[in-house]
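A.B. asks: I have a structure here, written as structure tokens, and I will follow up with some questions on it.
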Amino acid sequence: MSKTAVVTTRLDPDTIDLIDRVTAARGQSRSKFIARAVVEAARREAEFLAFVQEGIDQLDRGEGIPHEEVKAKLDALIAKHETRCRV
């Protein structure tokens, strides 16, 4: 089984022009640049999804802080800061 796959997509002319300028400056092919960009984007998205899932899991375990409590703490911090700014 192949360790790579071919992916085809359509890009607008402005994006192609941008890619061509970047790859020319780097002495790199379009395909190599796009493959690296897709890998980086997929990794970042996977990291973000894992981060979000951690929060969901914490909420499922009852480890969340009620919105009202967070809002009250923030309001207190804002009031404290506003008081310091007036002095």
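The values are calculated or read from the model by the stated rules, or taken from the named source; none is laboratory data. Please read these numbers as outputs of a predicted model, since none were measured by experiment. Backbone-built Cβ (ideal geometry, glycine too); neighbour counts: all protein chains shown. Accessible surface areas use protein heavy atoms only, side chains included; no ligands, DNA or RNA. Shrake-Rupley method; radii C 1.70, N 1.55, O 1.52, S 1.80 Å.
A.B. asks: Out of (1) open to solvent by less than 70 Å² (accessible area, probe 1.4 Å); (2) within 28 Å of T8 (Cβ to Cβ); (3) not basic (K, R), what's the single condition that is false for G62?
C.D. replies: Only one criterion in (1) open to solvent by less than 70 Å² (accessible area, probe 1.4 Å); (2) within 28 Å of T8 (Cβ to Cβ); (3) not basic (K, R) is unmet by G62, namely (2).
A.B. asks: Of the residues that make up the stretch 3-12, is at least one of a type outside the set (D, E, K, R), out of contact with any strand residue (DSSP E or B) (no Cβ under 9 Å at 6 or more places or on another chain) and in a helix (DSSP H, G or I)?
C.D. replies: Checking the stretch 3-12: not a single residue is of a type outside the set (D, E, K, R), out of contact with any strand residue (DSSP E or B) (no Cβ under 9 Å at 6 or more places or on another chain) and in a helix (DSSP H, G or I).
A.B. asks: For E40, indicate whether it is acidic (D, E) and open to solvent by 80 Å² or more (accessible area, probe 1.4 Å). Walk me through how you get there before you give the answer.
C.D. replies: Numbers: acidic (D, E): yes; open to solvent by 80 Å² or more (accessible area, probe 1.4 Å): no.
Against the criterion (acidic (D, E) and open to solvent by 80 Å² or more (accessible area, probe 1.4 Å)), E40 does not qualify.
A.B. asks: I'd like to verify a number: residues in the stretch 7-37 that are open to solvent by 70 Å² or more (accessible area, probe 1.4 Å) and without any contact (Cβ under 8 Å) to a residue 24 or more places away in the chain, how many?
C.D. replies: 18
A.B. asks: Which number in (1) open to solvent by less than 80 Å² (accessible area, probe 1.4 Å); (2) under 15 Å from the mean Cα position of the chain (by Cα); (3) acidic (D, E) marks the one condition that D57 misses?
C.D. replies: Here D57 clears every test but (2).
A.B. asks: On the basis of being in contact with a Ser or Thr (Cβ under 6 Å, 6 or more places away or on another chain) and not acidic (D, E), does F48 make the cut?
C.D. replies: No: the conditions fail for F48.
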